[in-house]
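Read through the structure below, which is laid out as structure tokens, and then see the notes.
The values are calculated or read from the model by the stated rules, or taken from the named source; none is laboratory data. Because the structure is predicted, anything quoted here is derived from the model rather than measured. All Cβ positions, glycine included, derive from the backbone under ideal geometry; neighbour counts span all protein chains shown. Only protein heavy atoms, including side chains, enter the accessible area calculation; ligands, DNA and RNA are left aside. Shrake-Rupley method; radii C 1.70, N 1.55, O 1.52, S 1.80 Å.
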Amino acid sequence: RRRVETSLAPLLRHFTGLHIIVELKNGRSYRGFLKAADNYMNLVLHYASTSVSSSVNNESSDTNQYNVAYERHSSQGLKETLDPEEYELLHIRGPSIRYVHLPGDANLQALIKEGLNRERGALDKYRRGKRKVKS
């Protein structure tokens, strides 16, 4: 029997490529294109930018270094830091997320169906690639 996932975390995997806004518990917001998500709601945003919400007291902004990591690879292959307001790749830990805002015009049903087909195709490809052990 197939287990049905009912939380947001596994659902986010189907929204790769979608422009989203992620609001953290410390009041900071990030917007960017969802590149990856896992079952723990850890997210990777591509071409992300940040802003601090004025409605939330941002006392814990110094702890943000543990919740968000960013990097950019230069043409020489070296990692370098980007401007603190824009990131090429941004990793956000799931426990630090308060809200995930999806675009209002996104066709969620089609995105979920496309994501399920993509996962099914990857699973089929994996199964075909398995070696058969000779007895």
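Contact map, the stretch 8-29: residues that are on the phi > 0 side of the Ramachandran plot paired with residues that are open to solvent by 10 Å² or more (accessible area, probe 1.4 Å) and in a strand (DSSP E or B), Cβ distance under 7 Å, separation 6+ or inter-chain. Pairs shown: Gly17/Phe33; Gly27/Val52. If a residue must be assigned to a loop (DSSP other than H, G, I, E, B) and touching a residue at least 12 places away in the same chain (Cβ under 8 Å), how many such residues does the stretch 82-111 contain? The qualifying residues number 7. For the stretch 73-87, taking the residues that are open to solvent by less than 60 Å² (accessible area, probe 1.4 Å) and under 20 Å from Ala36 (Cβ atoms), the one that is modelled with the lowest pLDDT is identified as Leu82.
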